[in-house]
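Here the structure is laid out as structure tokens; the discussion comes afterwards.
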């Protein structure tokens, strides 16, 4: 019986994983393509076959992490039947996820100015966030004449503002030893914020 040929590793994913680990340790400013190639155990030429330079690599890391972020929010909130509860809990999860994203928090601690192109003005990342929120709105949830883009923009920019001015964790909440994912303290902080500010804003658009 012929043996199966082992699957080739996803080189692009390997590079992105190595880059994310680097950012987690040192932030964005110290990434170099040569050192990253060594870290990913790849030839430098192989690295440049996938990314033309440092800027393209950083864009790809941000895009990959945003894709994971939105997928996690969707999975977390999709099963919540009540639309108001889905909104506040989904926002709470999104806030806690970002608050506890190690690489993101490293960048905020070491070189926060490098995030501004992604969270300011009309960046591609802001548009991606708006598109996600609009896509998640359920059929019949909003009035037919509602400006859903305006609400989506508000939702995204509230999260971005909390990146720079985080909420204090809610005290007295503990997670079980085998807990995985955002902590209850940050989930509840984000949920309470959404209940106070995001939910009333949404009320202007619903039936």
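Bear in mind that the values in this text are calculations on the coordinates, not laboratory data. Quick caveat: nothing in here was measured; it's all calculated off a predicted structure. In this analysis, Cβ positions are derived from the backbone assuming ideal geometry, glycine residues included, and neighbour counts consider all displayed protein chains.
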Output for the stretch 23-44, where each listed residue is within 18 Å of the chain's Cα centre (by Cα) and surrounded by 18 or more Cβ atoms within 10 Å (Cβ to Cβ): 23, 27, 28
Qualifying residue in the stretch 122-140 (condition: in contact (Cβ under 8 Å) with a residue 40 or more places away in the chain, within 22 Å of residue 186 (Cα to Cα) and surrounded by fewer than 17 Cβ atoms within 10 Å (Cβ to Cβ)): no
Given (1) over 18 Å from residue 70 (Cα atoms); (2) assigned to a loop (DSSP other than H, G, I, E, B); (3) under 16 Å from the mean Cα position of the chain (by Cα), index of the condition residue 107 fails: (2)
Pair list, Cβ < 6 Å and 6+ apart or interchain, from the stretch 69-86 residues that are without any contact (Cβ under 8 Å) to a residue 40 or more places away in the chain to residues that are assigned to a loop (DSSP other than H, G, I, E, B) and surrounded by 11 or more Cβ atoms within 10 Å (Cβ to Cβ): 86/80
Every pair of residues 6+ apart whose Cβ atoms lie under 8 Å, when the first sits in the stretch 30-48 and is in contact (Cβ under 8 Å) with a residue 24 or more places away in the chain and at negative phi while the second is assigned to a loop (DSSP other than H, G, I, E, B) and surrounded by 14 or more Cβ atoms within 10 Å (Cβ to Cβ): 33/51; 47/40
Positions within the stretch 69-85 being surrounded by 12 or more Cβ atoms within 10 Å (Cβ to Cβ) and not in a loop (DSSP other than H, G, I, E, B), in sequence order: 69, 70, 72, 73, 74, 76, 77, 83, 84, 85
